[in-house]
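Encoded as structure tokens, the structure appears first; notes follow it.
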Amino acid sequence: MEVSVRVNLEEAARERIEELKRLVEHHRFCYYVLDKPEITDADFDVIYHELEDLEKKHPQLLTADSPTQKVGAKPSTDFKEVKHRIPLLSLANAMGSEDLIHWQERIDRGLADDDDPAFAPGASGALAYQYMCEHKIDGLSVALTYENGAFKQGATRGNGEVGEDVTLNLKTIGTLPAKLKPVAVLADGTLTGLDAAKKQGLVEGKDFQEKVLRHVEVRGEVYMPVSSFTSLNEALLEEGEQQFANPRNAASGSLRQKDPAKTARRRLGFWAYFLYVLDDGVKQPTLHSENLNLLAAMGFPVEPNGKIAHSLAEVQKFVDDWFLPRHSLDYQTDGVVIKIDQRKIWDKLGNTSHSPRWAIAYKYPPEEAETQVEAINFEVGRTGAVTPVAFLKPVKLAGTTVKRATLHNADQIKRLDVRINDWVVVRKAGEIIPEVLAVKFEKRTEGSEPFVYPTHCPACQSELVRLKDEVVLRCLNIYGCPAQRLRRLIHYVGREAMDIDGVGEKQIEQFVKSGLVTTPADFYRLTEDQLLALERMGKKSAQNILTAINNSKTRPLAALIFALGIRHVGVSIAELLAGRFPSIDALMAATAEEISAIEGVGPVISDTVLEYFAQSENRELIEDLRSLGVKLEQDAAEAAQTFAPTLAGKTFVITGSLTRLERLEAEKAIKARGGKATGSVSKKTDYVVVGESPGSKLAKAQELGIKIIDETEFLALLEIEA
Ligand code: IVH
């Protein structure tokens, strides 16, 4: 009897474990590979921990292929695989001060049996080590390789052993150094920063040698600044595309773009946090904190708020001190990483299969709050996308007072069954945009009615439609809808558009209300007297506004094209259009074929561009802008980057390294002339450009009989002087 109960229990556990494994794998795939998580991190943790617990209780059911035995998820197959020289591990989590104490006890036990006096506690029981506290940046970790001082390769973590080669995309991160600054090698081989050596009064040639390190590996976090994340999501919403759940997914999605130009537009950031020097005959500093200084001296961005702590109490103080202020940083943090500062102890303690024993991640609790829904309103965006917003009884959350939360779309309202007056749980998705997570049904008042989604635009009453493949509802009354007009005016003055400083949403609302501005051209007709007649407008601000408006007349053509707010024409598409057509007139005269022939611009975009200029309102706007003195053609800087489409329809593959151009520059040059640069040779390839030490692509090209050219011939095709 007893035996059969046990067998049944084990059978039930086995089934549940199998189900949990599938779930964990699925959600990891959604999260890591598709960048589209279907559940929150907290919900993921629940199933993950259930799996871990069951496996602990039934060790005989634990298999090597269980997701609890692997870090992260399988790398996507779109990028070349890179085997990491040193595996990229994960970190154990601490959820509170008790976990920190247990961590320290484990460390002390690990060091206790050692004969090395360096690891023994000090005479008064003082620790033999100190801690380095760093913000836990919510991005994705990458491993970078530098050879002879130059950036060679960068890879994502992938499964910890094998990651994806994202070198080209990493090169677009402006703060990631392409070349390393030289460092000082002291007499005993120890490395330090050049400035640090000089500050100590050491003399080059005598006390230290200057050296560019030959082989360096750096680890760090790629992140998306909060400011970029917010504007990216706004743009995605307008385009009717799925938004990113949080800056980390956005960073990961951006770093794994097939087109590096797209990554470049996303303006990612990087913080370095590990250095491994592989050169012979030199010694890295013994403290991790000193290695961070060395990283900074070599030109890497290092997060500036890290701090050394001498006790767990000091660690806890760092954690507590940053709990709220972290929200004012332009990068999202979800905790604090605490590392033993003495690297010698790293070697002594080693790693578990998952994570180093000498570091731990203190995770801040997810920030959620309960409040009541006062109203559900609908906001109409620039391109007519209508999104539901819950207006809430104000509640404190993650350092700010939250009054509104997004409900995303009709499907989400239905799924949550959220109603007016409901008590709801709100959470900052990625701690930035508050969203309604769930309804507290037990608190629902009797007689509440399911929310009925509107069928008509709240601003202009025209019927809402759902376009094919889109999740949002749209108001198609593009020119008549006052809400769309307002959003378009706001878009026009934006930083990446006409960059009219001092004119924001509030001012534009004022201008519109008083009848001064209806179309963007009206900005240029504003007078000082008109502005002074507005409420709360002083002479100085009126003058500043007029100057900013006047200055916008000479914005680059790309900015103007973007400012028009044509559907699907974001900043990068606007740049492509301005690079191909020297003026608005040329763009207006272009055919669909000419537009969609631009690499990176497809028929969807050429259609919306043609559609835009087919509207008489828009052509009138252009004429209006022209007569008011707004520049409608390329300036000298833009013209210098414009090329005739001499390589239109031609596909290039580059193999080996070129001497005159960096790979990325060469690809840019091909694209600027209308050609295409791809990564692998096929029958469709027109030219294979062969540089120094070419790879297997050369043989493939010979096999397929594809035209092979050297760098000189390539430069001639580009019409660049060799
Ligand atoms: S140390 C073994 N330092 O957190 C090494 N990681 O939960 C772990 N992270 O995979 C890396 N900021 O993506 C380290 N200052 C920091 C970090 C940091 C963010 C991320 C990293 C890592 C994850 C572990």
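The values are calculated or read from the model by the stated rules, or taken from the named source; none is laboratory data. Note that this is a predicted model, so its numbers are computed, not measured. We place every Cβ from the backbone using ideal geometry, glycine too, and count neighbours over all the protein chains shown.
What pairs can you find where one residue is in region 133-145 and closer than 9 Å to Gln332 by Cα and part of a strand (DSSP E or B), the other is near the ligand (Cβ under 6 Å from one of its atoms) and aromatic (Phe, Trp, Tyr), and their Cβ atoms are less than 9 Å apart, with a gap of 6+ or different chains?
Ile137/Tyr273
Need pairs with beta-carbon distance below 9 Å; first residue closer than 14 Å to Ala497 by Cβ and within region 566-577, second of a type in the set (S, T, N, Q) and not in a loop (DSSP other than H, G, I, E, B); sequence gap 6+ or separate chains.
Note: pairs meeting the criteria are Ile566/Thr608; Ile566/Asn618; Val569/Thr608.
Could you tell me whether Lys697 is out of contact with any Lys or Arg (no Cβ under 9 Å at 6 or more places or on another chain), modelled with pLDDT under 90 and of a type in the set (Lys, Arg)? First the steps, then the outcome.
Working: out of contact with any Lys or Arg (no Cβ under 9 Å at 6 or more places or on another chain): yes; modelled with pLDDT under 90: yes; of a type in the set (Lys, Arg): yes.
For Lys697, the condition - out of contact with any Lys or Arg (no Cβ under 9 Å at 6 or more places or on another chain), modelled with pLDDT under 90 and of a type in the set (Lys, Arg) - is met.
Of a type in the set (Ser, Thr, Tyr), part of a helix (DSSP H, G or I) and surrounded by fewer than 17 Cβ atoms within 10 Å (Cβ to Cβ): does that describe Ser252?
No, not satisfied.
Does Asn377 qualify as being surrounded by fewer than 16 Cβ atoms within 10 Å (Cβ to Cβ), within 27 Å of Ser448 (Cα to Cα), in contact (Cβ under 8 Å) with a residue 60 or more places away in the chain and more than 16 Å from the ligand (Cβ to nearest atom)?
So Asn377 fits the description; yes.
I'm trying to understand the selection: among the residues of region 494-507, which are free of Cβ contacts under 8 Å to residues at least 60 places away in the same chain and farther than 24 Å from His408 by Cβ?
Arg495, Ile500, Asp501, Gly502, Val503, Gly504, Lys506, Gln507 - these are the residues of region 494-507 that are free of Cβ contacts under 8 Å to residues at least 60 places away in the same chain and farther than 24 Å from His408 by Cβ.
From (1) surrounded by fewer than 20 Cβ atoms within 10 Å (Cβ to Cβ); (2) more than 16 Å from the ligand (Cβ to nearest atom), pick out the condition that doesn't hold for Ala297.
If we test Ala297 against (1) surrounded by fewer than 20 Cβ atoms within 10 Å (Cβ to Cβ); (2) more than 16 Å from the ligand (Cβ to nearest atom), just (1) comes out false.
Rundown of residues vs (1) within 16 Å of the ligand (Cβ to nearest atom); (2) at pLDDT 95 or above, yes/no style:
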site	(1), (2)
Asp108	no, no
Leu111	no, no
Ala128	no, no
Tyr131	yes, yes
Lys136	yes, yes
Val162	yes, no
Asp165	no, no
Thr172	no, no
Ala184	no, yes
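Is it fair to say Ala701 is among the aliphatic types (A, V, I, L, M), in a helix (DSSP H, G or I), in contact (Cβ under 8 Å) with a residue 24 or more places away in the chain and under 20 Å from Ala264 (Cβ atoms)? Steps first, answer last, please.
Details: among the aliphatic types (A, V, I, L, M): yes; in a helix (DSSP H, G or I): yes; in contact (Cβ under 8 Å) with a residue 24 or more places away in the chain: yes; under 20 Å from Ala264 (Cβ atoms): no.
For Ala701, the condition - among the aliphatic types (A, V, I, L, M), in a helix (DSSP H, G or I), in contact (Cβ under 8 Å) with a residue 24 or more places away in the chain and under 20 Å from Ala264 (Cβ atoms) - is not met.
Please enumerate the residues belonging to region 81-97 that are touching an Asp or Glu at 6+ places or on another chain (Cβ under 9 Å) and either within 7 Å of the ligand (Cβ to nearest atom) or in a strand (DSSP E or B) (or both).
Glu81, Val82, Lys83, Leu88, Asn93
State the number of residues belonging to region 610-642 that are free of Cβ contacts under 8 Å to residues at least 60 places away in the same chain and farther than 30 Å from Gly480 by Cβ.
Selection size over region 610-642: 3.
Among the candidates Phe244, Phe274, single out the residue that is within 21 Å of the chain's Cα centre (by Cα) and either among the hydroxyl-bearing types (Ser, Thr, Tyr) or within 16 Å of the ligand (Cβ to nearest atom) (or both).
Values: Phe244 fails: either among the hydroxyl-bearing types (Ser, Thr, Tyr) or within 16 Å of the ligand (Cβ to nearest atom) (or both).
Exactly one of Phe244, Phe274 is within 21 Å of the chain's Cα centre (by Cα) and either among the hydroxyl-bearing types (Ser, Thr, Tyr) or within 16 Å of the ligand (Cβ to nearest atom) (or both), namely Phe274.
Are any residues in region 312-367 among the polar types (S, T, N, Q), away from the ligand (no atom under 13 Å from the Cβ) and crowded, with 17+ Cβ neighbours inside 10 Å, and if so, which ones?
Residues of region 312-367 among the polar types (S, T, N, Q): 316, 328, 332-333, 342, 351-353, 355.
Filter again for away from the ligand (no atom under 13 Å from the Cβ), leaving 316, 328, 342.
Scanning region 312-367 gives Gln316, Gln342.
Being in a loop (DSSP other than H, G, I, E, B) and either on the phi > 0 side of the Ramachandran plot or loosely packed, with under 12 Cβ neighbours inside 10 Å (or both) is the filter here, so list the residues in region 526-551 that pass it. Can you show your working first?
Here is the first cut: in region 526-551, the ones in a loop (DSSP other than H, G, I, E, B) are 526-527, 533-538.
The answer is Thr527, Glu535, Arg536, Gly538.
Quick test of your reading of the structure: Trp271 fulfils all but one of (1) at pLDDT 90 or above; (2) closer than 22 Å to Leu170 by Cα; (3) among the hydrophobic types (A, V, I, L, M, F, W, C); (4) out of contact with any Phe, Trp or Tyr (no Cβ under 9 Å at 6 or more places or on another chain). Name the failing condition by number.
Going through the list (1) at pLDDT 90 or above; (2) closer than 22 Å to Leu170 by Cα; (3) among the hydrophobic types (A, V, I, L, M, F, W, C); (4) out of contact with any Phe, Trp or Tyr (no Cβ under 9 Å at 6 or more places or on another chain), Trp271 breaks only (4).
Looking only at region 552-587, filter to residues that are over 17 Å from Arg488 (Cβ atoms) and of a type in the set (Gly, Ala, Ser); which one of those is surrounded by the most Cβ atoms within 10 Å (Cβ to Cβ)?
Ala578
Just give me the residues in region 678-696 being of a type outside the set (Lys, Arg) and surrounded by fewer than 21 Cβ atoms within 10 Å (Cβ to Cβ), in sequence order. Don't jump to the end; show me each part of the working.
In the first step, residues of region 678-696 are kept if they are of a type outside the set (Lys, Arg); the result is 678-682, 685-696.
Those that are of a type outside the set (Lys, Arg) and surrounded by fewer than 21 Cβ atoms within 10 Å (Cβ to Cβ): Thr678, Gly679, Ser680, Ser682, Thr685, Asp686, Gly691, Glu692, Ser693, Pro694, Gly695, Ser696.
Name the single residue that is nearest to Gly565 (Cα to Cα) among those in region 508-523 being in contact (Cβ under 8 Å) with a residue 40 or more places away in the chain and assigned to a helix (DSSP H, G or I).
This residue is Pro520.
Is it the case that Thr383 is buried (at least 17 other Cβ atoms within 10 Å of the Cβ), touching a residue at least 40 places away in the same chain (Cβ under 8 Å), hydroxyl-bearing (Ser, Thr, Tyr) and over 30 Å from Pro87 (Cα atoms)? It would help to see each step written out before you state the result.
On the way: buried (at least 17 other Cβ atoms within 10 Å of the Cβ): yes; touching a residue at least 40 places away in the same chain (Cβ under 8 Å): yes; hydroxyl-bearing (Ser, Thr, Tyr): yes; over 30 Å from Pro87 (Cα atoms): yes.
For Thr383, the condition - buried (at least 17 other Cβ atoms within 10 Å of the Cβ), touching a residue at least 40 places away in the same chain (Cβ under 8 Å), hydroxyl-bearing (Ser, Thr, Tyr) and over 30 Å from Pro87 (Cα atoms) - is met.
On the given criteria, is Tyr146 aromatic (Phe, Trp, Tyr), within 16 Å of the ligand (Cβ to nearest atom) and at pLDDT 95 or above?
The answer is no for Tyr146.
Can you name the number of the only condition in (1) within 26 Å of the chain's Cα centre (by Cα); (2) away from the ligand (no atom under 12 Å from the Cβ); (3) crowded, with 21+ Cβ neighbours inside 10 Å; (4) outside any helix (DSSP H, G or I) that Leu213 fails?
Result: Leu213 fails condition (1) only.
Could you list, ordered by first residue, the pairs with Cβ atoms under 9 Å in which the first is in region 147-167 and of a type in the set (D, E, K, R) and the second is more than 16 Å from the ligand (Cβ to nearest atom) and assigned to a loop (DSSP other than H, G, I, E, B), at least 6 apart or interchain?
Listed by first residue and then by second, the contacts come to Glu147/Arg214; Glu164/Ser76; Glu164/Thr77; Glu164/Asp78; Glu164/Phe79; Glu164/Lys80; Asp165/Phe79; Asp165/Lys80.
How many residues, within region 262-293, are within 30 Å of Asn233 (Cα to Cα), in a strand (DSSP E or B) and among the hydrophobic types (A, V, I, L, M, F, W, C)?
Within region 262-293, residues that are within 30 Å of Asn233 (Cα to Cα), in a strand (DSSP E or B) and among the hydrophobic types (A, V, I, L, M, F, W, C) number 3.
Does region 410-421 contain at least one residue that is closer than 16 Å to Leu237 by Cβ, more than 14 Å from the ligand (Cβ to nearest atom) and out of contact with any Leu (no Cβ under 7 Å at 6 or more places or on another chain)?
Scanning region 410-421 turns up at least one residue that is closer than 16 Å to Leu237 by Cβ, more than 14 Å from the ligand (Cβ to nearest atom) and out of contact with any Leu (no Cβ under 7 Å at 6 or more places or on another chain).
What are the residues in region 389-404 that are under 25 Å from Ser462 (Cβ atoms) and either without any contact (Cβ under 8 Å) to a residue 24 or more places away in the chain or surrounded by 22 or more Cβ atoms within 10 Å (Cβ to Cβ) (or both), if any? Explain how you work it out, then say what you get.
Residues of region 389-404 under 25 Å from Ser462 (Cβ atoms): 389-391, 404.
Scanning region 389-404 gives Val389, Ala390, Phe391.
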